[in-house]
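All remarks here apply to the structure that follows.
Since every read-out is calculated from the coordinates, none of them should be taken as a lab result. Computed from a predicted model, the values in this text were never measured in an experiment. Here the Cβ is made from the backbone with ideal geometry for all residues, glycine too, and neighbour counts use every protein chain on show.
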Amino acid sequence: MKEIAIARLRFAVCVTVAAMLCAAAPLRAQSASPTAPPSSPFFREVTDEAGRTVRIPQPVRRIVSLAPSLTETVYALGLQDRLVGDTDYCDYPPDAKTKTKVGGAINPSLEQIAALHPDLVLMTKGLNRLDTVYSLDHLGISAYATDPRTVDEIISSSKKLADVLGAPETGDLIAADLQRRLADLRNRLSALPPKRVLFAVWTEPLISIGRDTFIADALRRAGAVSIVDSSQDWPQVNLEEVARLQPDYLVFAASHAESVAPQLDALARLPGWRIIDAVRDRRYAVISEAVNRPAPRIVEAIEDLAKQLHPEAFAEKPEAGKEKPGKEIPPPQHQTFLHLSLDIHSSSPDTVSRGGCACAR
C-alpha cells in the first residue's frame with residue numbers, strides 16, 4: 001500500500017509540473033516575439049560659432065530666437081512658421097511682433113522658453129549671456145550661437161544657420177544673391193575715393209563704432225571710411241576731435257527717418273555740434289536700422305548708403321545715339337534726418353547708456 005501511495009504522489013507531481021510548463025509556454029513564446037523599442041529622437045552634432053559642440057534634434061520644428069538679427073534671418077530663410085518665440089526687441093519683419101515673447105536678450109524667461117518646448121534656441125555670442133546657455137543646457141534645451149564680425153561672416157553665418165535648420169538650398173540662394181549685390185557695388189565704387197564719415201550710434205554722449213565691428217565693414221562696402229579708428233567696438237568720441245577731423249558726412253540709422261527731422265534741427269542748434277561742418281551744411285546720410293543687425297538685410301542698408309554718398313555711381317548712362325542733356329542735372333538734395341533711437345539689448349558690447357541711440361543685434 002505504501003508503494004502505491006508513493007507512486008500516486010509521484011504521478012500527481014508530474015501532472016502538476018506538466019500543467020505548469022504548458023501554461024508557461026505561451027508566455028515564453030510571447031516574450032520571445034520581437035518588440036519595437038521606444039523611438040529615440042535623432043540628433044545631429046554641429047559646432048556653433050562660439051566653438052561649442054551642440055546636439056540638435058532632427059528635424060528642427062520649433063525655434064526660439066534670442067536676438068533680433070536671428071529672428072530676421074529665420075524669416076529671410078522662410079522658416080517663420082517654425083519660430084515659436086522671440087524677444088521683446090524682435091520687431092522685423094512686423095509679423096515677428098506677433099510671436100510669443102520670452103523677455104529680453106539679456107534676461108529671457110527660462111520658464112517661458114521651456115514652456116514653448118523648442119528643439120533649438122538661437123543666440124548670438126556678443127549679445128546673449130553665457131549663463132543663459134548654461135541654464136538651457138541644464139534644462140536639456142539645445143542652443144546654437146552665432147558670432148559674425150564682418151559682412152562676409154554675416155552671409156556665411158546665415159548660410160550655416162540655414163543648414164543647421166534644414167534649409168541648405170535656401171541658404172545657398174540667399175548667400176549667392178547677397179554676394180552678387182555686393183560685387184555690383186564693388187564694381188560701381190572701385191574708382192571713387194571713399195567718403196570720410198562719422199557713424200553716430202549714440203549722441204549724448206557721442207558713441208561711434210570701432211574699426212573691427214561689422215558696421216565699420218558695412219561702411220567700407222558702401223564706399224565710406226569711419227574717421228574713428230578705435231580698437232574698442234563702441235568708443236565714446238569727443239566732439240572737439242570730430243571737429244578737428246571734419247567728416248564729409250554724418251551717418252545715422254533710423255527705423256523711420258521722416259520722424260527725426262525735428263531732432264536734427266535741435267542737434268544743429270547745439271553749440272558743440274555747430275562746429276562740425278557736416279552739421280552746419282546738413283551733410284547727413286540716414287539709412288535703415290538694418291545696418292545695426294548682423295542679418296541678410298544689412299546688404300540693403302549698404303546699398304542705400306552707397307547711393308546717398310556716391311549718387312554719381314548710380315546715375316543712368318545715356319543710351320548710345322541719344323543726345324546728352326545740355327545742362328548737368330544737379331544731384332538730389334541730401335536727406336536731413338537724424339538717428340537717435342536704435343534698439344538696445346545688452347550692456348556689452350552692444351549696449352550704450354541711454355541718451356541718444358544704440359546698436360541692436
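Observations, loosely collected:
- Using θ = phi - 60° in the Karplus curve 6.51 cos²θ - 1.76 cosθ + 1.60, the 3J(HN,Hα) couplings for the range 65-77 round to 10, 10, 8, x, 5, 6, 4, 4, 5, 4, 5, 4, 7 Hz; x is entered for Gly and Pro.
- Couplings 3J(HN,Hα) of the range 191-197, computed from phi: 8, 9, x, x, 7, 8, 10 Hz, in residue order, whole Hz [Karplus 6.51 cos²θ - 1.76 cosθ + 1.60, θ = phi - 60°; x for Gly and Pro].
- Separation of the Phe314 and Ala115 label points, Cα + 7 Å toward Cβ, nm: 4.5 nm
- Ordering of 242-253, 109-120 by burial proxy (mean other Cβ atoms within 10 Å per residue, highest first): 242-253, 109-120
- Cβ-derived FRET efficiency at R0 45 Å, Phe42 paired with Glu300, nearest 0.05: 0.75
- Gly103 long-range amide H proximity, modeled H, under 5 Å: Asp88, Ser109
- J(HN,Hα) series, the range 269-281, from Karplus relation 6.51 cos²θ - 1.76 cosθ + 1.60, nearest Hz, glycine and proline x: 8, 6, x, x, 8, 5, 7, 8, 4, 5, 6, 4, 8
- The distance separating the Cα centre of the range 257-315 from that of the range 124-156 comes to 31 Å.
- Comparing Asn128, Ala143, Thr73 along the charge dipole axis of the range 42-151, the residue lying farthest to the positive side is Ala143, per the Cβ-charge model.
- Applying 1/(1 + (r/R0)^6) with R0 = 30 Å to the Cβ-Cβ distance of Arg61 and Asp152 gives a FRET efficiency near 0.45.
- Full extension of the chain between Ser135 and Asp212 gives 24.7 nm of extra length, using 0.36 nm per residue less the Cα-Cα distance.
- Cα convex hull volume per residue for the range 42-151 (Å³): 99 Å³
- Close amide H partners of Trp234, meaning residues 5 or more places away or on another chain with modelled amide H under 5 Å apart, are Gly210.
- Equivalent ellipsoid semi-axes - Cα gyration tensor, the range 38-93, angstrom: 23, 15, 9
- Contact order, relative form, for the range 42-151: 29 percent (alpha carbon pairs under 8 Å, 6 or more residues apart, mean separation divided by residue count).
- Between Thr100 and Arg280, the modelled labels are 5.8 nm apart [label points 7 Å from Cα along Cα→Cβ].
- 5 angstrom amide H check on Ala143, placed H, neighbours 5+ away: Val121
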